Amino acid sequence: MKIIRDIETAKSTLLKRLPAGTVELPPQVKQRIRDTFGQELTAEAVVERIIADMRSNGDAAISEYAEKLDGAKLDRFEVTREEISAAKEKADEKLLTSLEIAAERIRAFHLRQRDSLPLGRSEFGEGIGQLLAPLERVGVYAPGGTASYPSTVLMTAIPAKAAGVDEVILATPPQPDGHIPPLTLAAAQIAGVDRVFAIGGAAAVAALAFGTESVPKVDKICGPGNIFVMLAKKQVFGAVAIDGLQGPTETIVLADDSARPVSCAADLLAQAEHDELSSAIMITTSASLAEKVSDEVGNQLAELDRGEIARKSLEQHGGIVVTESMDEAIELVNAYAPEHLCLLVEDSNSVAGKIRHSGGIFIGESSPEVLGDYVAGPSHVMPTGGTARFSSPLNVLDFLKVTSLVELGEKSFKELAPHAKAIASAEGLTAHAQAVIRRQL
């Protein structure tokens, strides 16, 4: 891995944030775009075209893009309950047990969060309050393609169900044979998903946002995906709510002399293997640790099934930054606002207390990010691209909405009416003022 010892160089290169969706696409993705659309297009232009086609042609566009992009010829998009049940029966029992344990922890975490909230009607004073209620229908997206992610099904659908959402719809890409991986379907049943559709990428986002002959329109779309999914969520926002713009996954490992090089390297590679656009970065106060971790990454790469993907990710978006002090390292972390932050430092709790911007903080050797990805409890859908400065991991609050309640008595009306009338008149809104005056006659 490249090692950067100059902080200004690190800020202008490795730690520099680019606008969402502007990451350079890998050559094979560019070629696929040319093959599919007959010309070179940016990722944003690809998404614009898919969304326009989906809005105009509905199910026909779903079929077209399933064949072009997923290599699957589909005669229907929705997976039957019988297929879902059969998939669970075929799954490995030990793996099912692991998924069920993960589901129990995810469900318990989010139910406790829900129980801490004032659901229903709350009064905040005489005649004013709020109504906190779940959304009716939510679409969750689980990536597919080069890998299957049953964990994402659990991490998106279970918080929605815990919040009380009436209907949760899963969209996930089909394999070339037209089917969804059995483990993904098993996870959907465990999570309590109501309906499953074999639709991937920007087409899935557009179908959920606007509805088609087969796919119902949802109120909100949640879940991570590749750059095309992220840009599609961005473009449909307003027609439908979204949880955020989760781009390529990213992590920072913050380490000092107390850290084990083997653990640092393993945590970096765990992120780098997602895809070539992933960012895996270490910031450390120890130059000697930086050298050891760089060597260890090389050793571990050779043992990985997705080693080539991880290698390209680290070459393009990874690296190690050496700082002069822990305070300087913490400053870099907060400025970068990573999706994941792994703390492998001697005084981890003290350092954690100084972190203001991160989607998730994984404290100490016994809390690697991989446990958070699968079984710890909080959702692994977290803000990327620096959005951790102002947004949060997916949680129960994402599936609730607030309705303001105003039920003032006659006494309050008499006290407040003159002030409302005065402000309305000052703004030139005479009908507003009259709505007060006519009640005083």
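In terms of packing, defined here as the mean over residues of other Cβ atoms within 10 angstrom, the peptides 173-185, 416-428, 67-79, 246-258 line up highest first as 246-258, 173-185, 67-79, 416-428.
Considering only L69, A207, P150, the residue lying farthest towards the positive end of the dipole of the chain is A207, judged by Cα position with unit charges set on Cβ.
Determine which lysines satisfy two conditions relative to K233: a Cα distance under 23 Å, and not lying fewer than 8 residues away in the same chain. Cα-Cα hits under 23 Å: K30, K68, K161, K217, K220, K401.
Remark on I283: its backbone amide H falls under 5 Å from those of V253, L254, A255, V321, a criterion applied only to residues 5 or more positions apart or on other chains, H modelled at 1.01 Å from N.
Placing +1 on each Lys and Arg Cβ and -1 on each Asp and Glu Cβ, with no other charges, gives the chain a dipole about its Cα centre of roughly 1520 debye.
With helices as the sole contributors, the chain gives -14500 deg cm²/dmol at 222 nm; each DSSP H run of n ≥ 4 counts as -39500 (n - 2.57), and the sum is divided by every residue. Straight distance only, please: which lysines reach the Cα of K354 with their own Cα at less than 25 Å, same-chain residues fewer than 8 apart left out? Hits, sequence-local ones excluded: K11, K16. Counting only Cβ charges, +1 for Lys and Arg and -1 for Asp and Glu, the dipole size of the range 282-324 around its Cα centre is about 120 debye.
Where both bridge residues fall in the chain, DSSP classifies roughly 30% of the beta bridges as antiparallel. Report note on the peptides 193-205, 292-304: ranked by the mean count of other C-beta atoms within 10 Å, highest first, their order is 193-205, 292-304.
Candidates A280, A239, A265 compared by Cα position along the dipole of the range 194-284: farthest toward the positive end lies A239, with charges placed on Cβ. With the convex hull constructed from alpha-carbon coordinates only, the chain shows a mean projected area of 26.2 nm² over all directions. Working from Cα pairs under 8 Å separated by at least six residues, relative contact order for the range 4-127 is 9 percent. Descending by average beta-carbon neighbour count within 10 Å, the peptides 397-404, 88-95 line up as 397-404, 88-95, the highest first.
With neighbour counts taken as other beta-carbon atoms within 10 Å, the residues H274, H317, H432 rank, fewest first, as H432, H317, H274. Computed over the range 37-153, the convex hull of the alpha-carbon atoms projects to a mean area of 12.7 nm². Each Lys and Arg adds +1 at its Cβ and each Asp and Glu adds -1 at its Cβ; summed about the Cα centre, the range 178-336 shows a dipole of about 940 debye. Sorted ascending by nearby beta carbons within 10 Å, beginning with the fewest, L154, L289 become L289, L154.
Each reported figure results from applying straightforward, stated rules to the coordinates on display, with no laboratory input. Remember, predicted model here, so these are calculated numbers, not experimental data. Cβ atoms come from the backbone with ideal geometry, glycine included; neighbour counts cover every protein chain shown.
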